[in-house]
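Visitor: Below you'll find the structure I mean.
The values are calculated or read from the model by the stated rules, or taken from the named source; none is laboratory data. All figures in this text were calculated on a predicted structure; none of them were measured in a lab. Cβ: placed from backbone, ideal geometry, glycine included. Neighbour counts: every protein chain shown. Only protein heavy atoms, including side chains, enter the accessible area calculation; ligands, DNA and RNA are left aside. Shrake-Rupley method; radii C 1.70, N 1.55, O 1.52, S 1.80 Å.
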Amino acid sequence: MWEYSDKVREHFFNPRNSGPLKDANGIGDVGSIQCGDALRLMLKVNGQTEVIEDAHFQTFGCGSAIASSSALTEIIKGMTLDQALEVSNQNIADYLDGLPPEKMHCSVMGREALQAAIANYRGEEWSDDHEEGALICKCFAVDAVKIADVVTANHLNTVEEVTFYTKAGGGCTACHEGIEEILAGIKAERAGPGEVSPPLVSPVPAAPAAPVSAPTAAVGTPTPSRLTLVQKIRKIEEVLESVRPMLQRDHGDVELADVQGKTIYVTLKGACSGCMMEVATLGGIQQKMIETLGELVKVLPVSHMPVEA
Amino acid sequence: MEAIYLDNNATTRCDPAVVEAMLPFFTEHFGNASSIHAFGSQVGKALKKARGQVQALLGAEHDSEIIFTSCGTESDATAILSALRAQPERNTVITTVVEHPAVLTLCDWLEKEGYVVHRLRVDRKGRLDMDEYRSLLNDRVAIVSAMWANNETGTLFPVLEMAAMAAARGIMFHTDAVQAVGKIPIDLKNTKIDMLSLSGHKLHAPKGIGALYLRRGCRFRPLLRGGHQERGRRAGTENSASIVALGKACELASEHMDEENTTVMGLRDRLEKGILSRIGHCFPTGDVSNRLPNTSNIAFEYIEGEAILLLLNRLGIAGSSGSACTSGSLEPSHVMRAMGIPYTAAHGTIRFSLSRYNTDTEVDRVIEVVPGIIAQLRKLSPYWTDDGPAANPEAAFTPTYA
Ligand SMILES: Cc1ncc(COP(=O)(O)O)c(C=O)c1O
Ligand code: FES
């Protein structure tokens, strides 16, 4: 059974605001019976103040779907519609002291129901832009659709790159085969029908020998010529700047600590330090450094810096 | 309140007599069966006895037809891979859509490796179409692998007939009998089954011990090569304590076979009838007239299985579900989908699987509490109104597909 927090259990066993809501004036129905989750959120909105005076839910779903729905109604009661639209799925998960990675989609469903209900109140059409695929990486809750999107958008070729962009594959490695399959599928599409590998060949462990092209424009083109130390540090800072948003999204950060010869020491902060991702993150940064500086460098955590005598 | 364990198809409690039999093999009888000295030969004798006990339960002709393995999954993989390697001129596997992942996932992988896999479909009750099966038997088929009993519904496949049909075409036949062994009588010497997988932890032996029956004369290639253990058919120093335990468990299973098909079956039937008669909009899945004596799988419409399990668990009752959530995927159980059970019901399937340790009082208690749990969850369901499913449930609630 999943590891549910006490808060999730409590909201599941004693759901708040469940059942139909008489005179609701905003209703959002979302979910998919195929996947086993569906949620109807009912709002009673004050026409003058746009304050949500009451909120009820009906949910077909598992323990965390019911708990997320219950939490959502508690969170939004008393909010104005504009405030409610700011509520993210992370807020719902945080309210419940976290959800297991496999269950994060329950909180996403809650947020979508909220958007749908508000759109319904305002007489707008709501369409769902979120597509969910099979969960590939359980360590970091990354699904197939997300991986495929990132691979296509950034022309990724290897599992390592996918890990760098999405974290998928940076933990127990159990999902590497799944990621390889997605990569192989997209590669086959890119190649066109002529180049598809014949069926009798075993699945390709995608690892092209050719160097990987720099994935984002911000990084700049490889510079083969010698750099002065100042130029080099500027380039290094540029690379760190380009990865920073991704780390910050996960409540982490990175700082340059020192450059000693061909070794760059960095400080990983917040959620990144000590997490399973540290190695993968550093590996990814190192790859970018090599591409940008045009020379082989090593990126190490500051803890590896030799202590001065 | 004592906990009530109704998840015996997932795993069983070790019989105390089994534990007692195996314990000395951790202490005084620690020897390696391959050694010449007294420490080893004692263990060797114990293994021989255990092999005989497994042979007896299966009705195998020779004890050398029993190969000990680490689990049911290993036995399945050994059987299928062996058939393919021993007959390189044949590239096809016939199996069914409702197999356990131990077989299905292996077959998916074999397909990627270039083999041809035919998966026989099932009807609404989980039954095979024997004409379809017959039409697929040809000289390209290396092996047919069909489960004897389905782990989710308990539905039995006509493996004796299927094995005979395969044999008539010179095709090897394997059955995953992990759920059947110990629950229904088996007499392999009078069948055309070439290979059979079993797993100890489904019949009151410990986890991590299994066996493969390999008919004498059936061509074979080992999965694990190394020492000469199991006559070179499965290398690796024998798990002697667990093998002794499996032997004892098989002996006990033979003794309890009648009880399984009278008492346990009676409990199961009473549980099922009790639930079906007290709750509307629920139905048993699978081939109810032809299934294991201990298994009942009931679909509760308009609610989701994991939620049911959590509420049962709070009352100390353990079962399992075919919902997407508990299968760890986006889709509900492949077995329910294969039988065409609609999504509104497939997500709400609950499997109750009993054993000889269950009692009348336990069954009464479950019958008493299940209606309340189902009603409580239906009250939360958007597919349900005050006293029944929304007039046209599928139309009353049509969420935006997320
Ligand atoms: C039908 C079937 N086959 C195979 C297995 C796998 O057995 P084991 O857990 O011993 O590998 C199981 C157990 O869940 C099963 O029910
Ligand atoms: S599942 Fe992806 S790294 Fe563990």
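Visitor: For residue B:319, all conditions in the list (1) open to solvent by 30 Å² or more (accessible area, probe 1.4 Å); (2) in contact with a Phe, Trp or Tyr (Cβ under 9 Å, 6 or more places away or on another chain); (3) at pLDDT 95 or above hold save one; what is the number of the exception?
Guide: (1)
Visitor: Then there is this: Taking the conditions exactly as written (within 11 Å of chain B (Cβ to nearest Cβ) and in contact with a His (Cβ under 6 Å, 6 or more places away or on another chain)), does residue A:28 satisfy them or not?
Guide: Details: within 11 Å of chain B (Cβ to nearest Cβ): yes; in contact with a His (Cβ under 6 Å, 6 or more places away or on another chain): no.
No.
Visitor: Inspect the range B:80-89 for any residue being more than 29 Å from the chain's Cα centre (by Cα), assigned by TED's automatic domain parsing to the domain that holds residue B:244 and part of a loop (DSSP other than H, G, I, E, B) and give the result as yes or no.
Guide: Applying the first criterion (more than 29 Å from the chain's Cα centre (by Cα)) to the range B:80-89 yields B:88-89.
If we keep only those that are assigned by TED's automatic domain parsing to the domain that holds residue B:244 as well, we get B:88-89.
Next, only the ones that are part of a loop (DSSP other than H, G, I, E, B) stay: B:88-89.
Yes: one or more hits.
Visitor: Here's another thing I want to ask about it. Return only the number of the condition from (1) in a loop (DSSP other than H, G, I, E, B); (2) away from ligand 1 (no atom under 16 Å from the Cβ); (3) open to solvent by less than 40 Å² (accessible area, probe 1.4 Å); (4) in contact (Cβ under 8 Å) with a residue 60 or more places away in the chain that residue B:12 does not satisfy.
Guide: Looking at each condition in turn, residue B:12 falls short on (2).
Visitor: Next up: Which of the following residues is touching a Phe, Trp or Tyr at 6+ places or on another chain (Cβ under 6 Å), more than 14 Å from every other protein chain (Cβ to nearest Cβ) and either assigned to a helix (DSSP H, G or I) or open to solvent by less than 20 Å² (accessible area, probe 1.4 Å) (or both): B:355, B:296, B:277? Can you show your working first?
Guide: Working: B:355 fails: touching a Phe, Trp or Tyr at 6+ places or on another chain (Cβ under 6 Å); B:277 fails: touching a Phe, Trp or Tyr at 6+ places or on another chain (Cβ under 6 Å).
Residue meeting the stated conditions: B:296.
Visitor: While we're here: Could you tell me which residue of the range A:96-151 is farthest from ligand 1 (Cβ to nearest atom), considering only residues that are in a loop (DSSP other than H, G, I, E, B) and surrounded by 23 or more Cβ atoms within 10 Å (Cβ to Cβ)?
Guide: Taking the range A:96-151 as the starting set, the residues that turn out to be in a loop (DSSP other than H, G, I, E, B) are A:96-100, A:122-134, A:138-141.
Those left that are additionally surrounded by 23 or more Cβ atoms within 10 Å (Cβ to Cβ): A:96, A:99.
On the way: A:96: 32, A:99: 27 Å.
Checked the range A:96-151; the qualifying residue farthest from ligand 1 (Cβ to nearest atom) is A:96.
Visitor: Another one. Regarding residue B:252, is this residue modelled with pLDDT of 95 or more, over 21 Å from residue B:150 (Cα atoms) and within 13 Å of another protein chain (Cβ to nearest Cβ)?
Guide: Details: modelled with pLDDT of 95 or more: yes; over 21 Å from residue B:150 (Cα atoms): yes; within 13 Å of another protein chain (Cβ to nearest Cβ): no.
Spelling it out, it is not the case that residue B:252 is modelled with pLDDT of 95 or more, over 21 Å from residue B:150 (Cα atoms) and within 13 Å of another protein chain (Cβ to nearest Cβ).
Visitor: Could you tell me whether any residue of the range B:228-243 is at pLDDT 95 or above, under 28 Å from residue B:153 (Cβ atoms) and open to solvent by less than 10 Å² (accessible area, probe 1.4 Å)?
Guide: Within the range B:228-243 (the criterion being at pLDDT 95 or above, under 28 Å from residue B:153 (Cβ atoms) and open to solvent by less than 10 Å² (accessible area, probe 1.4 Å)), the answer is no, since none of the residues qualifies.
Visitor: Here's something else I'd like to know. Considering only the range B:119-128, state which residues are crowded, with 19+ Cβ neighbours inside 10 Å and at negative phi. Lay out the reasoning, then the answer.
Guide: The first filter runs over the range B:119-128 and keeps only residues crowded, with 19+ Cβ neighbours inside 10 Å, leaving B:120, B:122, B:126, B:128.
Selection gives B:120, B:122, B:128.
Visitor: Any residue at all in the range A:164-183 that is exposed (fewer than 15 other Cβ atoms within 10 Å of the Cβ), more than 13 Å from chain B (Cβ to nearest Cβ), assigned to a loop (DSSP other than H, G, I, E, B) and more than 16 Å from ligand 2 (Cβ to nearest atom)?
Guide: no
Visitor: Right, something else. Would you list the strands (runs of 3 or more DSSP E) that sit entirely within the range B:122-220 and hold 2 or more residues that are in contact with an Asp or Glu (Cβ under 7 Å, 6 or more places away or on another chain), more than 19 Å from residue B:260 (Cβ to Cβ) and more than 16 Å from ligand 2 (Cβ to nearest atom)? Full working, then the answer.
Guide: Working: elements: B:141-145, B:172-176, B:195-199, B:210-214.
Of the strands (runs of 3 or more DSSP E) lying wholly inside the range B:122-220, those with at least 2 residues that are in contact with an Asp or Glu (Cβ under 7 Å, 6 or more places away or on another chain), more than 19 Å from residue B:260 (Cβ to Cβ) and more than 16 Å from ligand 2 (Cβ to nearest atom) span B:172-176, B:210-214.
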